[in-house]
Amino acid sequence: MKCVFNKTALLFVLTLVGASTAASGHARVYYSVRGLLAEQFRESDRVDYKRVELSDEQRRRIQTRLGAKLKKDTYTFYVAHSADNIDGYALFDREIGQHEYIDFATFFDSEGRVTRVEVVAYREPYGAGIRSERFRRQFVGKEPTNDLKPGYDIDVISGATLSTRAMAKAVKRASVLLHHLLLTSS
């Protein structure tokens, strides 16, 4: 009996190890933060960062606007400058896909309109179609007042429904955070 239990336990452990190895085998990192910032803001003199810790009031207002809870207390925005002008902003964030996190970068102009969205890292075996230029272009020009509902405002990619939702949530959250934390006075 003891021998059967050990074989069963061993089989169980090997299955878990194999499953986790297979899942992590799909991880693709497409950009580094530094590289993507340099590419996006190549005309800027410098890129600084601004780390913002949410107050209880900010958290409440933002969560009300999003209709969802925020999972973090602190967000780091990157601010590109040329002379005394702001060229744009960036926020790197993540959202859960089907099982794994997808890392996103959302870029904004100085007024807070989305100029570019990139998938920085993708860990799922399916759904990477959200990386296509055609799909990501749907977000350009969006602001916090725009709805980003997949299937209505944003086209859904067949086989990537959850990834589509994840990107829409990440872009909406980035837009609302930027406007509430940096662009409007509290």
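Here, each number is a calculation from the coordinates, and none is a lab measurement. Bear in mind that the values here come from a model prediction, so they are computed numbers and not experimental data. Glycine also receives a Cβ, built like all others from the backbone with ideal geometry; neighbour counts cover every protein chain displayed.
Below is a table of values for the structure above.
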item	result
Lysine-lysine proximity count for the range 28-183, Cα under 14 Å, sequence distance 8 or more or distinct chains	7
Least to most buried among ILE102, ILE86 (fewest other Cβ within 10 Å first)	ILE86, ILE102
Ellipticity estimate at 222 nm from DSSP helix runs (n ≥ 4, -39,500 (n - 2.57)) divided over the chain, nearest 500	-11000 deg cm²/dmol
For the range 78-83, 3J(HN,Hα) per residue [Karplus equation, 6.51 cos²θ - 1.76 cosθ + 1.60, θ = phi - 60°, Hz, x = Gly/Pro]	9, 10, 8, 10, 9, 6
Cα-only Debye scattering, the range 28-183: base-10 log of I(q)/I(0) at q = 0.08, 0.10, 0.17 Å⁻¹	-0.21, -0.33, -1.00
Neighbour-count ranking [beta-carbon atoms within 10 angstrom, fewest first] of SER44, SER158	SER158, SER44
Relative contact order (%) - criterion: Cα under 8 Å, at least six apart; region: the chain	19
Order of LYS169, LYS149 under a 10 Å beta carbon neighbour criterion, fewest first	LYS149, LYS169
